[in-house]
Structures are given as structure tokens and as C-alpha cells.
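Worksheet: one structure, shown below.
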Amino acid sequence: MTRIAIIGGGISGLAAAFALEPHRLSGTLDYTLYEASPHLGGVLRTERIQDCIVEAGPDSFITEKPWASELCRALGLTDQLIGSNDAARKTYILVDGRLVPMPDGLMFMVPTKILPTAFSPLFSWTTKLRMARELLHPPQPASADESVASFVERHYGAEMVDRLADPLLSGIYGGEAASLSVRAVLPRFAEMERTRRSLGRAMLAAKKKSPVHAAAPPLFTSLKNGMQQLVETVVPKLNPLSLLTNTPVQSIHPEANNKRWQVAVPSRTDHFDSIILALPAPAAASVLSIASPELSGELASIPYGSSITVALAYGHKVRHSLPPGFGFLVPRSEGKRLLAATFVHNKFPHRAPENLALLRCFFAGSNAENLWQLSDDALVATVRNELQQILGLRATPLFARVYKWKSAMAQYGVGHLERLDRIDRLRRQLPGLALAGNAYRGIGVPDCIRSGQDAAQQLLSLSAGSA
Ligand SMILES: Cc1cc2nc3c(=O)[nH]c(=O)nc-3n(C[C@H](O)[C@H](O)[C@H](O)COP(=O)(O)OP(=O)(O)OC[C@H]3O[C@@H](n4cnc5c(N)ncnc54)[C@H](O)[C@@H]3O)c2cc1C
């Protein structure tokens, strides 16, 4: 019987285990999942506080990427899926201390409706003229990968980088547009430039082609009881004897004949035919450091950023005083430490009672690092001070919770795709090793799920080939 080790019990590792489970039940293989911490699910963690559903890590996933919804359906969670309340979707950007709504028709940073953008105070006239000029005289396509900042600046100028591209991407990757790779992070835009040169023209053409939906699907999907519901549903469907929590893997080594693997944990060494390494890249680099210093070096060079989320709940007066919409983003140039805040009660109304306001505030990148040593109370005070400046919010929260995530978000730097090619080449030299997680081809929950499923499939094909 084939024996597979899954290392890492976040959603990537759990998705891999769920894909292997039917094969375990049919008796063709066995797997063991090693998780260093006492909990499964990694950064997916939800708390229920005063009837609020408080997300410590991710709060939802992009509906357009199907793998998370598909997994939920396979787990019997179809009736638990909820969509974001897009009727109330409005996002503000802080500009010169004022919250300015993003104009209607803006697809990331590309305008698809002329009037709302032309009249929006979000952009100066210089940027608006750049947008018009981009349609007629787009820049030359780049011949190599470049940063998102440089790509966006070539098309729309520096103000667009500061006010939109940088805060939008920092909210997802915790990194800066100046260091993220456009080909890895915005492949659709890089492709638009390659094929049509003008992003504006490409977006308008795509819009014309897309069917007019009576009801477009919601932008974000989540679960009624929070993202941890996914973990709590998948875990009981796995073999409990296969799940080893509090078991950090120290190292993995191929055995002398290169056909089997050793997995070293503090008290013993276990033996397997193949391995799914479903770890953040720095941890994967560490367990591989002796087996393949070269692969380990490539993995170690994928930068990771830290983030801090702070949940704050307020009474009905605050709820009615907040602007309508999903929340706001803060460009770096505003000199604040907060990167974003979500008005959870508007985005997912089921997550707070009707008389409460629930805010989820987010620090990332260097701001998160600089605030890391602060106590929870000091962090809450920092958030409250900035919310007072931005929203005029002086009320005392009913409760506050701080969640810190050290080096949890992969940053796909310029040249990331080339690095992935090198990683793949080195991985192939280690038969029976598959990689999954947020370091590779997508940081969001759906991409992580897909990565775990693909890794399982890769090893299943391998064992079918050698059978
Ligand atoms: C604050 C925050 C907000 C986010 N928001 C969203 C969002 O709204 N939507 C979205 O789609 N994505 C979001 N993401 C991204 C997404 O949640 C993550 O990329 C994804 O969940 C990562 O899953 P994973 O299993 O690959 O890694 P992780 O969840 O990091 O799991 C890895 C696991 O490996 C374990 N481990 C580490 N070392 C070892 C070892 N040596 N041996 C054994 N186990 C080990 C860890 O304890 C951990 O449990 C967010 C991320 C963060 C941090």
C-alpha cells in the first residue's frame, strides 16, 4: 500500500487529505498529516463573540475562483454558502484625509465607464487625462516581468499606483506594488497589454463579450458560520488516526534508493513513499535544507509578509453613523499605519446582529512589523486613534480582538514565475515530492485548495504509474 505524508494542516494540506481520503477508504493508500500546532486549518480561524462572527484570518474567498465553493459543495455545505452583499458594495479610498468612493465601473484600476471616473474626486485631472490617453496611445508592452507599480505607472501614472494599485494589492498580499510581480499577481492585465496594448480597450472589449447576467454572482463567497466552518466540516471526514497535531516535522530526506522518504519529527522517524509539503515557503525551505539545499534556497527566497487584524464591535449608534459600503483602503501617502478596514455588518450582514457594527481593521507589511511588539491593548489604541482621525469614531468598542499572523502571506516578487520554473525543475529531481500552499500560484483560499488537490493528484498519478 502506498504511504503518503502530508506536512502542514492548513487548508492546502487538508484539501490534499480530502482528495486522498476516498483512495484510503478503498484500501489503495494510507496517509498521515503532520501539523505543528494544536489546531488544524492554519490561518482559517473564526470566533463567535457576542453573536458576531469574527474572522481572525481570511473572511471570504473570491467567487470567480471555483475551487473553494466546489470543495464546500463536496462537503455538503451548499446551503451554508453566503455571498457578499454586493448591493451595498462601495469601497472608499482615503485621499487627503477624506473618504472618497471608488467610482462605478472601475475594474481594479481600469475605467470601463467614462462619466463616473471623469467626475470622481479620486483622481486628479492629470490622471484622468492619462486614462483617456491610454485608450488611444497605450505604452509599448514590456518585454520582461516588472513590478505592478511600474506596469500601472506606465499606463496611468504614479497617482494610480498610490491611490489604487498599492492599497488594493497590499490588502491581498500584504506587500507593496513596487515589489510585486505583474506577471504573477496580475497575469490577466499583463496578457491584456501583450495582446491589445491598451488595458482600457481590452477591458471594454471583454465587457462587450461577456453575457449580461440578470444577477451577477456575488464578488465574494463565505460560510454562514465563518471560514472555520470549512475546517470543522472537512476534518471529521478524514481518518482521525491519520491526523497528527502538535507534531512539527523537522526534516525530510529521500532514502538511499531515492524511492522512499523519511520524515523526522521530534520523537521518531517515519517512512513514506511520497510527500506533500503543504507549508509556507520558509517552513518548507527549513525541512528541505539537508535533502536539497538548492530547492531549499529557492523556497527560502520567496519573501513572506506579516499581518495583524483587529476586530472591533460597536453599538447601533455607530452602525448608523458609518458611511454605507464595504469599508475603506488607506494609500501609503496618507501617512497612516492602518491599511484597510472592512464594515463587516455591511459586507456580510449575517455576521453581526442588526444593532451592532463590526469592523475588521488590517495592518500589513512594514507597518505590521513595526507594530508587532505592541501589546493587544496598545494595538487597539492605535486602531482607535486612526479610526477617530478617518471616521471621527470616538465611541468605546463593545469588544476588541487582535490577531497576529507572522510571515503568513507570500509576496510574489518580480521574477516569481521564473523562480517557480526553477523550483519545479529541482522538485522533479526528488521523485515523490509534491508542493502545495500559498507560495506558488495564488495566495487566496481557492488557489490553496486547488494546490492541495493538484499535489494529491500528482502523487496518485505517480503511484498509478509505478503500480
Ligand atoms: C490575515 C489574513 C487574511 C487573509 N484573507 C484572505 C481572504 O479574505 N481571502 C482569501 O482567499 N485568502 C485570504 N488570505 C490568504 C489565505 O488565507 C492563505 O493564503 C491560506 O489560507 C494559506 O493556507 P495554507 O494551508 O497554504 O497555509 P497555512 O494556513 O499557513 O497553513 C500551514 C500550516 O503548516 C503548519 N506548519 C508549519 N510548519 C510546520 C512543520 N514544520 N511541520 C508541520 N506543520 C507545520 C502551520 O502550523 C500551519 O497550520 C488571508 C491570509 C491572512 C494571513
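The values are calculated or read from the model by the stated rules, or taken from the named source; none is laboratory data. Because the structure is predicted, anything quoted here is derived from the model rather than measured. Neighbour counts are summed over all protein chains in view; Cβ atoms, including those assigned to glycine, are modelled from backbone coordinates with ideal geometry.
For this structure, a couple of remarks:
- Test: LYS347 is outside the structural domain of ALA158 (by TED's automatic domain parsing), within 21 Å of the chain's Cα centre (by Cα), farther than 26 Å from ALA283 by Cα and not small (Gly, Ala, Ser): yes
- Pairs, first outside the structural domain of LEU277 (by TED's automatic domain parsing) in the stretch 430-455, second near the ligand (Cβ under 9 Å from one of its atoms) and of a type in the set (Lys, Arg), C-beta under 6 Å, six or more apart: none
- Looking across the stretch 171-225, the residues that are part of a helix (DSSP H, G or I), at pLDDT below 90 and surrounded by fewer than 16 Cβ atoms within 10 Å (Cβ to Cβ) come down to ILE172, ALA205, ALA206, LYS207, LYS208, LYS209.
- In the stretch 401-427, the residues that are modelled with pLDDT of 95 or more form Cβ pairs under 8 Å with partners that are among the charged types (D, E, K, R) and within 15 Å of the ligand (Cβ to nearest atom), at six or more places apart or across chains, as follows: ARG401/GLU47; TYR403/ARG45; LEU420/ARG441.
- Taking the stretch 314-354 as the range and being under 28 Å from GLU369 (Cβ atoms) and of a type in the set (Asp, Glu) as the test, only GLU334 passes.
- Residue count for the stretch 59-74, restricted to those that are small (Gly, Ala, Ser) and not in a helix (DSSP H, G or I): 1
- Strands (runs of 3 or more DSSP E) contained entirely in the stretch 238-321, each with at least 2 residues that are closer than 30 Å to GLY392 by Cα: 304-314
- Residue count for the stretch 369-388, restricted to those that are in a helix (DSSP H, G or I) and either farther than 16 Å from LEU312 by Cα or within 16 Å of the ligand (Cβ to nearest atom) (or both): 6.
- Residues that are buried (at least 18 other Cβ atoms within 10 Å of the Cβ) and within 16 Å of the ligand (Cβ to nearest atom) within the stretch 47-61 comprise ILE53, VAL54, GLU55, ALA56, GLY57, PRO58, ASP59, SER60, PHE61, listed in sequence order.
Residues are listed down the side, and each one gets a yes or a no for (1) in a helix (DSSP H, G or I); (2) buried (at least 21 other Cβ atoms within 10 Å of the Cβ):
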position	(1), (2)
ALA408	no, no
ASP421	yes, no
ASP424	yes, no
ARG427	yes, no
GLY437	no, yes
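- Considering the stretch 101-113, the residues that are part of a strand (DSSP E or B) and over 14 Å from LYS128 (Cβ atoms) include one that is modelled with the lowest pLDDT, namely MET107.
- Taken as a whole, the condition of being touching a helix residue (DSSP H, G or I) at 6+ places or on another chain (Cβ under 7 Å) and either surrounded by 18 or more Cβ atoms within 10 Å (Cβ to Cβ) or acidic (Asp, Glu) (or both) does not apply to LEU81.
- Within this structure, LEU374 fails the test of being more than 27 Å from GLU159 (Cα to Cα) and touching a Pro at 6+ places or on another chain (Cβ under 8 Å).
- For the stretch 19-44, the candidate set comprises residues that are part of a loop (DSSP other than H, G, I, E, B) and within 9 Å of the ligand (Cβ to nearest atom); within that set, the residue that is surrounded by the most Cβ atoms within 10 Å (Cβ to Cβ) is GLY42.
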